[in-house]
Structure formats: structure tokens, C-alpha cells
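A.B. asks: Here's a structure for you.
Just so it is clear, none of the values below were taken in a lab; they were calculated from the coordinates. No experiment lies behind these values; they were computed from the predicted model shown. Neighbour counts are summed over all protein chains in view; Cβ atoms, including those assigned to glycine, are modelled from backbone coordinates with ideal geometry.
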Amino acid sequence: MVQRLFILTLVFALSSCSSSASKENSWHYAEQVNETLNVKGKSYQIIDSETENLLVVKATKTSFKLDPLQDTQAWERLSFYYQFYLASSQNLKKDQLEVKSTEGNFEYYISRKYNEDLSANYLIKVIDLRIKQITEESKLKAKNLARFLKDGILDQNLI
């Protein structure tokens, strides 16, 4: 019984895959180009992990509120980021409200403001010094840093 089930499953799986390399029926093609795949009238979104991560970073807000415990963790993460990625020898103080640092062609600005309930509002900005404006690249850097401060997840490809 188990062998028959396995064979039926295998036959079904193989019959579902087309040997054709057409856009409509090729899973492999869709994985490479990160697009919608249409199979037998059904639509599937196929993306790789790099694309998925980029979408998450792009959706991250650069201003956010953290409770006191999250604030402490975020500031520790910022100290780590500051030391290892912004190559700064300056130590961040726990009661510091603003940080400004330059790395390469980008200026990083991080501020926090405390509320009555001791929660903290954060704001992250990254300026592209080549044109002295916020660009798409600097926005991604700011969003990546914001995600790291909030969630502890950093995409090294976007630093």
C-alpha cells in the first residue's frame, strides 16, 4: 500500500512538471526571474530569499516607537552597528539621544526621544553625501538599520 501511494505520488509529481521550458509551466524559470508563475489556471508567486528580504526591508519604517526593554536592546544593537559597520571609535552613551556618523558617501543620523511612559521614538535618516540628499540607496540603508534596531535582523548586502 505504501509503495503504491509513493508511486502514485511520484507519477503525479512528474506529470505536473512539464519538460518544456516555457514561462507558463517552468518552476525553474520562475525561481530565476522572481515572477508570477501560472500553472493550469492557478497563479503562484515565486521569489528567492534575497528578493523576499529586500521587500521586507523596503517595507520597514524609519520612525518607530519602542518600549523601555526594546529601547535598551536597540541601543545595544546601534552600538554594535556603530562600532563594526560605521567604524567609529566613539562610544555611545546609554542616555545619548542623537548619533551622527559618516561612513563613505553616507551620513547616518539616529535620534530617539523619550515619552512620558519611558518608551522611545526613534528616527533614522541616511543622507547620500554625493548629492546631499536622501536617495533610494540611502533609504534602503536607513530601513535596513531601522530593521536591525527594532528586530535584530541586518542584511549585510544593504550596508
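A.B. asks: In the range 55-104, with Lys and Arg counted as +1 and Asp and Glu as -1 at Cβ, which of these residues, SER101, ASN91, ALA59, has the Cα nearest the positive end of the dipole, that is, farthest along it?
C.D. replies: Going by the Cα projections, it comes out as ALA59.
A.B. asks: Continuing with the same structure: If amide H atoms are built 1.01 Å from N in the plane of the peptide, which residues on other chains or at least 5 residues away come under 5 Å of the amide H of PHE106?
C.D. replies: Long-range HN contacts for PHE106: LEU129.
A.B. asks: What are the ³J(HN,Hα) couplings of the range 55-68, residue after residue, when phi is run through the Karplus curve with 6.51, -1.76, 1.60 and θ = phi - 60°? Round to Hz, x for glycine and proline.
C.D. replies: Running phi through 6.51 cos²θ - 1.76 cosθ + 1.60 with θ = phi - 60° gives 5, 5, 4, 4, 7, 6, 8, 8, 10, 7, 10, 10, 6, x Hz.
A.B. asks: Test of understanding: ordering ILE110, ILE134 by Cβ neighbours within 10 Å, fewest first, what list do you get?
C.D. replies: Starting with the residue having the fewest Cβ neighbours, the order is ILE134, ILE110.
A.B. asks: From the convex hull of the Cα coordinates of the range 50-159, what is the mean projected area in square nanometres? Display every interim value, and only then the final one.
C.D. replies: Details: hull surface 26.5 nm².
Mean shadow area of the hull around the Cα atoms is 6.6 nm².
A.B. asks: Roughly speaking, what is the stretch gain from THR51 to LEU69, that is 0.36 nm per residue apart minus the C-alpha to C-alpha distance, in nm to one decimal?
C.D. replies: Details: separation 18, 0.36 × 18 = 6.48 nm, distance 3.12 nm.
Extra length available between THR51 and LEU69 comes to 3.4 nm.
A.B. asks: Then there's this: Multiplying the sequence separation of THR102 and PHE80 by 0.36 nm and subtracting their Cα-Cα distance, what value in nm do you get?
C.D. replies: My answer for the length gained is 6.4 nm.
A.B. asks: Among SER49, SER101, which comes first, second and so on when ranked by fewest other beta-carbon atoms within 10 Å?
C.D. replies: Details: SER49 7, SER101 17.
Sorted ascending by nearby Cβ count, the order is SER49, SER101.
A.B. asks: Label points 7 Å out from Cα along the Cβ direction at LEU123 and ALA87: separation in nm?
C.D. replies: Rounded to a tenth, the inter-label distance reads 2.9 nm.
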